[in-house]
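K.L.:
This is the structure I want to talk about, given as structure tokens.
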Amino acid sequence: MKYVIMFTTTPELEATVSPEHAEEAYRRTYDWFGTHREVMTESGAQLQPVTTATSVTHGAHGPVVADGPFSEAKEVSGGFQVIDVPDLDAAIEIVKTWPLLELPGVTVEIRPIVVY
């Protein structure tokens, strides 16, 4: 079954981590992708910072374009990856090893892909 795993952070909390600790954790993410490459599909990407976002939403007179993310959540999406694993339990086991989970404000959301 295919799942999208979305990597989110809370910038205010991420800013509290020492640069050395953050660098070491980010370095381990490269190994993580290598370890799990057999379940990764070609889909996935790291996103540019949230400051580069543009949102289009519905307004009273049609679509409204705004700088920045539309979401009012404190978390921002930093990237995503599609994985192909037997079930949700397998996806959870992989995500539990995401090195950046040790940093404050980091979450990985797992969502199944709709297949027609």
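K.L.:
When a/c reaches 1.5 or more, the comparison of a/b and b/c decides; with that in mind, is the chain rounded, prolate or oblate per its Cα gyration tensor?
P.N.:
The shape class here is oblate.
K.L.:
Tell me, what ³J(HN,Hα) does each residue in region 83-94 have, in order and in whole Hz, if you take phi through Karplus 6.51 cos²θ - 1.76 cosθ + 1.60 with θ = phi - 60° and put x for Gly and Pro?
P.N.:
10, 10, 9, x, 6, 4, 4, 5, 5, 4, 4, 5
K.L.:
Can you work out the PRE-style zone for residue 41? Point 7 Å along Cα to Cβ, and I want the residues of region 97-116 with backbone N under 14 Å.
P.N.:
Within reach of a label on residue 41: 111-116.
K.L.:
Rounded, prolate or oblate: which fits region 1-67 when a ≥ b ≥ c are the square roots of the eigenvalues of the alpha-carbon gyration tensor, with rounded for a/c under 1.5 and prolate only if a/b beats b/c?
P.N.:
Oblate, since a/c reaches 1.5 and b/c is not below a/b.
K.L.:
If you stretched the chain out fully between residue 60 and residue 48, how much longer would it get, using 0.36 nm times the residue separation minus the C-alpha to C-alpha distance?
P.N.:
1.3 nm
K.L.:
Between 49, 78, 114, whose Cα lies farthest towards the positive end of the dipole of region 39-116 when Lys and Arg beta carbons carry +1 and Asp and Glu beta carbons carry -1, centred on the Cα centre?
P.N.:
In region 39-116, that residue is 49.
K.L.:
To the nearest 20 debye, what charge dipole does the chain have about its Cα centre, counting +1 at the Cβ of each Lys and Arg and -1 at the Cβ of each Asp and Glu? Can you show the working numbers first?
P.N.:
Values: 7 positive and 17 negative charges, 52 e Å.
Using Cβ point charges on Lys, Arg, Asp and Glu, the chain gives about 260 debye.
K.L.:
Next up: Starting from the Cα of residue 18, step 7 Å along the direction of its Cβ; do the same at residue 89; then give the gap between the two resulting points in nm.
P.N.:
4.0 nm
K.L.:
If you don't mind, there's one more thing I want to ask. Please identify the GluC sites (Glu not before Pro) of region 47-116 that satisfy two criteria: DSSP loop assignment and at most 14 other Cβ atoms within 10 Å. Which are they?
P.N.:
Listed in order of number, the matching sites are 72.
K.L.:
Per-residue counts of other Cβ atoms within 10 Å, averaged by peptide: what ranking do you get for 30-40, 7-17, highest first? Walk me through the intermediate numbers first.
P.N.:
Numbers: 30-40: 11.8, 7-17: 15.5.
Going by the mean number of other Cβ atoms within 10 Å, highest first, we get 7-17, 30-40.
None of the figures in this text is laboratory data; all of them are computed from the coordinates on show. All figures in this text were calculated on a predicted structure; none of them were measured in a lab. All Cβ positions, glycine included, derive from the backbone under ideal geometry; neighbour counts span all protein chains shown.
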